[in-house]
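This is the structure, below, for whatever I ask next.
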Amino acid sequence: MKQLYLIVPFLFLLAGCNNGQEAKKEKTIATRIKKQQEIDSASIELQKKYYDSGLSFYNEQHLDSSLWNFEKAYENRDLRDSTSTSLYAQTTFYLDELYTASERIQEREELVKDFLNNINGIKHIDPTSISSMFANLSGILQRAGKYQQAIDNAILPNANLIDQNLSVVNDPELKAVWETLRLTNMRNHLMAITELSDSEEEKKVASLLEKTLSNTEKTPILEDRLFMIYDPLFEYYIDTGAYKRAEALLLQWKEINIGKPIIEQMILEDKYLRLANAKKDPTLAKKSRDQVFEYYAQVDEKFYYHDHYYVKALNDILLQENFVETNPYKKLDSIGNIIIQKTNQNAVNIYTNPLSVYNSKVHYFDFKKQADSMLFYIDKHFKLATELNHNYELLKHLQNKSDYYILIQDADSHNKSILNYLKDKGIESIDKLNKEETAQFNSSNLLIHSHLAENSYNIFKKKNNLESLKIAHNLWMFNLKMLNSFRKNGRYSIGQKEILLKTREGVLLTFQDLKNYNLTNSKTSMIELLEDSYSLELVIENLSREIVPSPQMSSLNKLRKSLMTEVQKLKLELDSVSNNSKLKKYNASLTTIDSVVNAMTSINPVYASIYSRDFKLSEFQQKLKKRDLFRVYQTDSLFYPVLISSNSLDFQTPIKKDQLLSLSKSLRNQIRSKEPLEETVTQLKDLYNLKSFENDLVVITEGAMTSIPMELILDRETNIVHAPSINAYQTSYLSHETTTNSFVAYSPSYNSVPDNPVSRDIERSGNYMLPYAIEESKFISNLFDGELMTRTDATKKNFKDTAKHYNLHHLAMHAVVDEGNSRDAKLLFYGDKEDDYMNLDEIYNLDLNSNLVTLSACNTAYGKVDPIEGVMSLSRAFQYAGARATLTSLWRVPDRETSIIMKSFYTHLKNGDHKDVALKKAKQDYLNAQVEEELKHPYYWAGFIITGDVSPITSPFHWWHYALGIFLMLGIFFILRGLLNRSKT
């Protein structure tokens with residue numbers, strides 16, 4: 001629970017503080033001091049009883065004593081006096097501390113709720129006492145696993161109470177108390193929301209805590225409690241991979257720790273151990289490990305968390321051994337024996353126990369291939385995990401048994417153990433696994449399933465056991481299904497990305513093997529799960545960005561997630577007991593979810609597609625019509641091409657990744673140096689083995705394949721459009737209706753090279769000036785009767801202020817990849833500082849309604865990373881911000897040739913051509929106009945690609961044009977006929 005127990009004692013020491021009106025300030029302070037002394041005296045007596053008795057904080061005798069004191073304080077409480085209520089609150093803390101007695105959690109919850117319900121009858125009660133009891137209730141509810149209730153019934157009411165008092169308090173001392181209470185309550189909120197795995201809310205709460213922390217004066221009372229506030233924030237940074245921020249926080253922590261008790265130094269050092277483990281930093285790991293041993297020798301043994309923190313640190317040390325020492329089990333015996341000794345001296349509980357030692361022993365004897373010893377510790381681990389009812393460790397037992405069967409090469413027992421586990425979950429066979437709902441499984445199951453699938457696949461590879469192959473495939477498929485449910489429920493995290501990639505690879509590998517053995521598998525469900533996994537990958541990537549959804553979108557998504565949670569609960573209830581009223585409620589909730597998702601789609605189709613929609617292949621195929629789709633999936637060693645048409649789904653022969661990487665690199669080098677590339681293109685055609693397409697083609701590729709211009713591989717007559725994923729293509733592009741267009745161009749002047757790293761690197765390539773860009777922008781702006789912002793007007797600020805008023809955006813400027821981060825890129829608007837440039841996070845947060853964003857004159861040569869990722873990142877960012885299509889370049893095309901192709905492209909676009917057709921015609925116009933063969937090299941024209949919606953932006957002949965023409969012709973006919981009849985008469 002991340003040291004939840006540390007907060008309450010502090011809160012009750014604050015219980016004597018009250019509002020202190022100005023008119024009675026001196027009297028109020030004196031009264032407060034007196035009452036505080038009474039509370040402190042009672043509190044000290046209560047603590048002394050336990051310290052002097054030598055009782056463990058985790059035994060039943062202590063529990064009974066605490067309960068007796070609690071009940072005595074409760075029965076004798078004087079509702080007219082805040083002192084007795086504070087003592088009453090103090091005893092709830094001691095009772096709450098005994099978290100081994102889980103059967104009494106509900107009893108404690110009811111007692112604290114009763115106190116809070118009787119607040120109105122207590123005279124002269126200090127509001128900080130009420131805040132303290134809310135914090136106490138939060139702790140009890142979180143201990144019971146009722147995290148949402150803790151937020152609703154304790155944390156949010158406490159936040160309102162704190163805000164109300166902060167708005168009226170004038171006393172500096174009291175203000176410092178309330179500010180500390182506010183930060184502490186935010187800390188409790190972060191802990192609860194972390195347990196709920198609501199990533200978006202977690203990010204929001206963490207950001208608010210960071211901001212409030214930086215804006216709050218570090219008073220002595222706050223400095224004494226900062227380490228408790230830092231703790232969950234540090235864990236959040238570790239979980240989200242923000243190691244630099246975690247390290248910066250630890251440095252602040254270290255500053256406030258100067259002169260503090262040794263136990264607090266050891267707590268901090270344990271955090272450094274956590275950071276070392278996360279970063280796989282052996283130097284930091286060794287330093288922190290040695291410091292822990294030194295601190296432990298100095299800690300006062302009467303401190304009741306002395307052994308608890310030592311055991312915790314030792315467990316972290318065990319985790320590091322595999323990357324710190326040459327022999328990963330070098331210190332297992334010495335450290336393991338200390339942990340066992342310390343936990344034997346204290347009552348073993350779910351936080352302090354030797355389970356990690358038993359696990360390490362299992363891995364050690366697996367490493368040494370000593371099956372009997374391995375089994376001995378598997379049994380010890382299982383027995384203790386059962387006694388503690390430790391759900392995750394019971395799952396680990398299944399993993400340990402799987403490893404044991406792998407060691408003794410017993411495939412049948414291995415498969416049987418997994419099938420028995422599924423039967424315990426009510427799943428009769430492995431083939432029925434993917435028809436199950438995911439609600440009864442969590443992220444712990446996800447990790448264990450992944451390990452079981454890997455072991456099963458290894459058995460198949462070694463023994464050709466087809467049952468193991470089916471188990472591996474179905475476990476990985478179900479993991480994808482679970483991950484997708486996390487995406488829709490908002491319970492995703494950055495830490496899931498690694499397992500997502502492994503799972504996707506496992507699904508593809510086993511699918512190919514099943515295909516080779518002619519075993520049945522569902523191609524449709526696999527494609528659907530794979531596409532949903534790409535949506536999750538984008539969602540996880542967005543977590544690391546400073547993206548702020550609009551208030552309307554945020555509230556809709558929150559409503560959708562709460563409805564999804566309700567639907568899952570109802571589904572589980574309906575599975576066990578049939579109930580007509582619940583069935584109606586279930587169906588009504590599903591209908592409401594669809595309505596919410598449709599509303600989200602109308603606001604931002606890309607956001608809706610990646611956060612809330614499931615991909616359905618049959619629906620997509622119905623919309624394809626006269627287009628085919630070429631989709632490529634990748635693993636560590638292979639590319640898997642798939643062709644999808646309106647009536648077929650065809651998996652092509654996998655392509656070896658190293659072979660394609662080699663050819664891709666050769667092609668790019670030949671393009672950049674303008675060398676002949678016919679031989680390389682022929683080899684790529686043979687490798688792709690693609691037929692000629694009668695229909696236009698949608699291309700969705702990954703990795704090295706992204707950098708290959710598909711029109712060099714395919715028939716020149718094929719119109720090609722790119723997309724980031726099938727789901728995004730379907731949601732955002734196939735349903736688009738053309739609107740009235742308004743055009744704007746932005747073209748900054750680059751007359752001198754600003755003194756910053758970005759501009760200097762471009763200048764070194766000799767490409768900083770863009771002499772044709774402004775003239776190009778003028779031409780296109782005149783063509784569409786649009787607006788033009790050039791030179792010093794083409795600033796980031798002007799773009800942010802004006803872009804939302806237009807739906808055709810032409811950006812004739814440099815776009816560069818960030819040297820230190822391949823997931824980021826910048827647009828170089830006018831200015832001489834890096835702050836004048838627009839980064840990806842800023843693009844994501846734009847609010848556009850654009851039919852087309854063109855990034856002309858892109859320069860992706862800057863930096864040491866693959867520039868393709870930068871271009872695709874820009875395209876994705878603009879689509880997320882509301883662009884239905886983007887025109888970008890795969891490499892830096894010279895300024896003159898870019899200008900020629902852009903003018904031609906927009907001319908065809910103006911004439912009503914689809915965007916992909918307009919681009920193909922523009923390239924052909926360029927080639928036809930060139931006299932010199934050298935300028936016909938693909939370097940000059942093949943790099944431009946359209947991503948997204950290809951529908952035309954203007955239609956010169958609308959239906960009403962034809963109707964008007966027919967109407968006029970009929971009118972003329974009747975007039976002529978009338979005149980003719982009149983002349984005859």
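The values are calculated or read from the model by the stated rules, or taken from the named source; none is laboratory data. Here the structure is a predicted model, which is why all the values come from computation and not from measurement. Virtual Cβ from ideal backbone geometry, glycine too; neighbours counted across all protein chains shown. Ligands, DNA and RNA are stripped out before the accessible areas are found, and what is left, the full protein with its side chains, is counted by its heavy atoms. Shrake-Rupley method; radii C 1.70, N 1.55, O 1.52, S 1.80 Å.
Give me the percent of the accessible area of the stretch 618-712 that comes from carbon and sulfur atoms, probe 1.4 Å, all protein chains in place.
That fraction is 42 percent.
Another one. Could you check the simple spin-label distance between LYS204 and ASN337, using points 7 Å along Cα→Cβ, in nm with one decimal?
Going from the LYS204 label point to the ASN337 one covers 5.4 nm.
Here is a follow-up. With the contact rule set at Cα under 8 Å and sequence spacing of 6 or more, what percent relative contact order holds for the stretch 618-712?
32
How far is it, in nm, from the label point at GLU436 to the one at GLU775 when both lie 7 Å from their Cα along the line to the Cβ?
Each label point lies 7 Å from its Cα, and together they span 6.9 nm.
Here is a further query. Which order do the peptides 271-278, 650-657, 200-207, 720-727 come out in when sorted by mean C-beta neighbours inside 10 angstrom, highest first?
Working: 271-278: 21.5, 650-657: 14.9, 200-207: 19.5, 720-727: 23.6.
My ranking of the peptides, most packed first, is 720-727, 271-278, 200-207, 650-657.
Taking 23 Å as the cut-off for C-alpha to C-alpha distance, list the pairs among LYS369/LYS463; LYS497/LYS915; LYS369/LYS497 that go past it. Kindly include the intermediate steps, with their values, before the conclusion.
Working: LYS369/LYS463 19 Å; LYS497/LYS915 35 Å; LYS369/LYS497 32 Å.
The answer is LYS497/LYS915; LYS369/LYS497.
For the stretch 618-712, what is the accessible area per residue in Å², given a 1.4 Å probe and the full set of protein chains? Could the numbers behind the result be given before it?
On the way: 4550 Å² over 95 residues.
For the stretch 618-712, the per-residue accessible area is 48 Å².
For the residue pair SER602 and GLN924, what label-to-label distance in nm results when each label sits 7 Å from Cα along the Cα-to-beta-carbon direction?
Modelled inter-label distance: 4.1 nm.
Per-residue counts of other Cβ atoms within 10 Å, averaged by peptide: what ranking do you get for 416-424, 235-243, 909-917, 367-375, highest first?
Descending packing order for the listed peptides: 909-917, 235-243, 416-424, 367-375.
Here is a further query. Distance cut-off 31 Å, Cα to Cα: go down the list LYS260/LYS383; LYS582/LYS616; LYS211/LYS279 and report the pairs above it.
Values: LYS260/LYS383 40 Å; LYS582/LYS616 27 Å; LYS211/LYS279 26 Å.
Pairs exceeding 31 Å: LYS260/LYS383.
Something else now. How much length, in nm to one decimal, is gained on full extension between SER637 and ASN215, taken as 0.36 nm per residue of separation minus their Cα-Cα distance?
Numbers: separation 422, 0.36 × 422 = 151.92 nm, distance 5.01 nm.
Net length gain for the segment: 146.9 nm.
Leaving out ligands and nucleic acids, note down the accessible area per residue over the stretch 372-459 with a 1.4 angstrom probe, in whole Å².
Working: 4210 Å² over 88 residues.
Computed with neighbouring chains in place, this is 48 Å² per residue.
Taking R0 as 35 Å, what's the FRET efficiency between LYS260 and ASN160 from their Cβ-Cβ distance, rounded to 0.05? Before the final figure, lay out each step's value.
Details: r = 33 Å, r/R0 = 0.94.
For R0 = 35 Å, the calculated efficiency reads 0.60.
Residue separation times 0.36 nm, minus the C-alpha to C-alpha distance between LYS369 and LYS286: what's the value? Each step should come with its number before you reach the end.
Values: separation 83, 0.36 × 83 = 29.88 nm, distance 2.82 nm.
Full extension of this stretch gives 27.1 nm more.
Per-residue counts of other Cβ atoms within 10 Å, averaged by peptide: what ranking do you get for 784-794, 465-475, highest first? If you can, show how the numbers build up before the last one.
Values: 784-794: 16.5, 465-475: 23.1.
Packing proxy ranking, top to bottom: 465-475, 784-794.
Now for a separate question. Per 0.36 nm of contour for each residue apart, how much would the distance between ASP832 and SER618 grow if the chain were fully extended, relative to their Cα-Cα spacing? Each step should come with its number before you reach the end.
Working: separation 214, 0.36 × 214 = 77.04 nm, distance 5.17 nm.
Additional length available on full extension: 71.9 nm.
Which links in LYS286/LYS462; LYS280/LYS435; LYS800/LYS903; LYS665/LYS920; LYS626/LYS657; LYS461/LYS657 stretch past 27 Å when you go from one Cα to the other?
On the way: LYS286/LYS462 39 Å; LYS280/LYS435 39 Å; LYS800/LYS903 25 Å; LYS665/LYS920 25 Å; LYS626/LYS657 31 Å; LYS461/LYS657 21 Å.
Violating the 27 Å Cα-Cα cut-off are LYS286/LYS462; LYS280/LYS435; LYS626/LYS657.
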